[in-house]
1. How about the range 12-30: which of its residues are hydrophobic (A, V, I, L, M, F, W, C), within 14 Å of the chain's Cα centre (by Cα) and either surrounded by 14 or more Cβ atoms within 10 Å (Cβ to Cβ) or assigned to a strand (DSSP E or B) (or both)?
2. Taking the range 94-150 as the search range and keeping residues that are charged (D, E, K, R) and within 13 Å of the chain's Cα centre (by Cα), which one is nearest to Ala7 (Cα to Cα)?
3. What number of residues in the range 27-43 are out of contact with any Phe, Trp or Tyr (no Cβ under 7 Å at 6 or more places or on another chain) and touching a residue at least 24 places away in the same chain (Cβ under 8 Å)?
4. In the range 71-89, what count of residues is obtained for those that are touching a residue at least 24 places away in the same chain (Cβ under 8 Å) and either closer than 22 Å to Glu10 by Cα or part of a loop (DSSP other than H, G, I, E, B) (or both)?
5. On the basis of being aliphatic (A, V, I, L, M) and in contact (Cβ under 8 Å) with a residue 60 or more places away in the chain, does Ile20 make the cut?
6. Could you tell me whether Leu136 is part of a strand (DSSP E or B) and among the aliphatic types (A, V, I, L, M)?
7. Filter the range 155-176 down to residues that are modelled with pLDDT of 90 or more and farther than 18 Å from Tyr137 by Cβ and give me whichever is surrounded by the fewest Cβ atoms within 10 Å (Cβ to Cβ).
8. Would you call Tyr92 in contact (Cβ under 8 Å) with a residue 12 or more places away in the chain, touching a helix residue (DSSP H, G or I) at 6+ places or on another chain (Cβ under 6 Å), surrounded by 15 or more Cβ atoms within 10 Å (Cβ to Cβ) and not β-branched (Val, Ile, Thr)?
Amino acid sequence: MTRHNLAEIEIRINLQPGDIGFIIHRHAKIYHEEYGFGASFERYVGEGLIEFHKNYDQHVDRVWVCEHHQKIIGFLLLMHRENHAAQLRYFYLDQEYRGIGLGKKLMSMFMDFLNKKDYHSAYLWTTNELAAATSLYKAHGFKLTQEKHSTVFGKPLIEQRYDLTILKDEVKSSQK
C-alpha cells in the first residue's frame, strides 16, 4: 500500500455541488465494507447531511473536506445545536489515508473552530466497533456518557455517545 504524505492533502471548508451525494455514498460503502452496516446507515447519513444543509449557518457550522489529487478522501463536519452545543458528525477517512496524522489534524481543526465560535459543549454518536475513532475523541477530552444496544444500522451493535464540556477562560483561571 502506498504511504501518503499529509502535506499533499488539501482541506477545504466549503461544500461544492456533488459533495453531499459523494459523502453519503462513500460513508455507506466504507461502513458496509469494514463493519457490515446495512443500507439503513446510508439513509441515516443522507438524512443527517440534508438536515445539516437545510440548517447551515456559515458562522457556526463547518465542514472539512479532505482531497488528494481532487478526489475526496475524508470528511468531518461540525453542526450547531441548541444551547451553544456542537455535534461532530460523519468523520471518515479512506483506509489508505489513515495513520498519517490526518485524523489528528481534523480533530485539531474541529477543536479550534469549537473554541473560536465559543461553543460550550460538543457531542457525538459512534459505535463500540470504532476503537481508533473513540481513542481520538478521548484524546481531545470527550467522555463516554451513554450506551445503548441497537440494530438501527442492520446489525447488532452498541451505540455510544461522547460528550465534551468546554471550560470558559474565566472558569479555567479560577481552577488553577
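1. Step one: filter the range 12-30 for residues hydrophobic (A, V, I, L, M, F, W, C), giving 13, 15, 20, 22-24, 28, 30.
Imposing the further condition that a residue be within 14 Å of the chain's Cα centre (by Cα) reduces the set to 13, 23-24.
Correct list: Ile23, Ile24.
2. First, pick out the residues of the range 94-150 that are charged (D, E, K, R): 94, 96, 98, 104-105, 112, 116-118, 129, 138, 143, 147-148.
In the following step, the residues that additionally are within 13 Å of the chain's Cα centre (by Cα) were identified as 104-105.
Working: Lys104: 14, Lys105: 11 Å.
Here the answer is Lys105.
3. Going residue by residue through the range 27-43, those that are out of contact with any Phe, Trp or Tyr (no Cβ under 7 Å at 6 or more places or on another chain) are 29, 32-36, 39, 42-43.
Restricting the remaining residues to those that are touching a residue at least 24 places away in the same chain (Cβ under 8 Å) gives 34-36, 39.
Qualifying residue count for the region: 4.
4. Number satisfying all stated conditions: 12.
5. no
6. Working: part of a strand (DSSP E or B): no; among the aliphatic types (A, V, I, L, M): yes.
When the stated conditions are applied, Leu136 does not pass them.
7. First, pick out the residues of the range 155-176 that are modelled with pLDDT of 90 or more: 155-165.
Now restrict to residues that are farther than 18 Å from Tyr137 by Cβ: 155-156.
Numbers: Lys155: 15, Pro156: 8.
So, considering only residues that are modelled with pLDDT of 90 or more and farther than 18 Å from Tyr137 by Cβ, the one surrounded by the fewest Cβ atoms within 10 Å (Cβ to Cβ) is Pro156.
8. Working: in contact (Cβ under 8 Å) with a residue 12 or more places away in the chain: yes; touching a helix residue (DSSP H, G or I) at 6+ places or on another chain (Cβ under 6 Å): yes; surrounded by 15 or more Cβ atoms within 10 Å (Cβ to Cβ): yes; not β-branched (Val, Ile, Thr): yes.
Against the criterion (in contact (Cβ under 8 Å) with a residue 12 or more places away in the chain, touching a helix residue (DSSP H, G or I) at 6+ places or on another chain (Cβ under 6 Å), surrounded by 15 or more Cβ atoms within 10 Å (Cβ to Cβ) and not β-branched (Val, Ile, Thr)), Tyr92 qualifies.
The values are calculated or read from the model by the stated rules, or taken from the named source; none is laboratory data. Quick caveat: nothing in here was measured; it's all calculated off a predicted structure. Backbone-built Cβ (ideal geometry, glycine too); neighbour counts: all protein chains shown.
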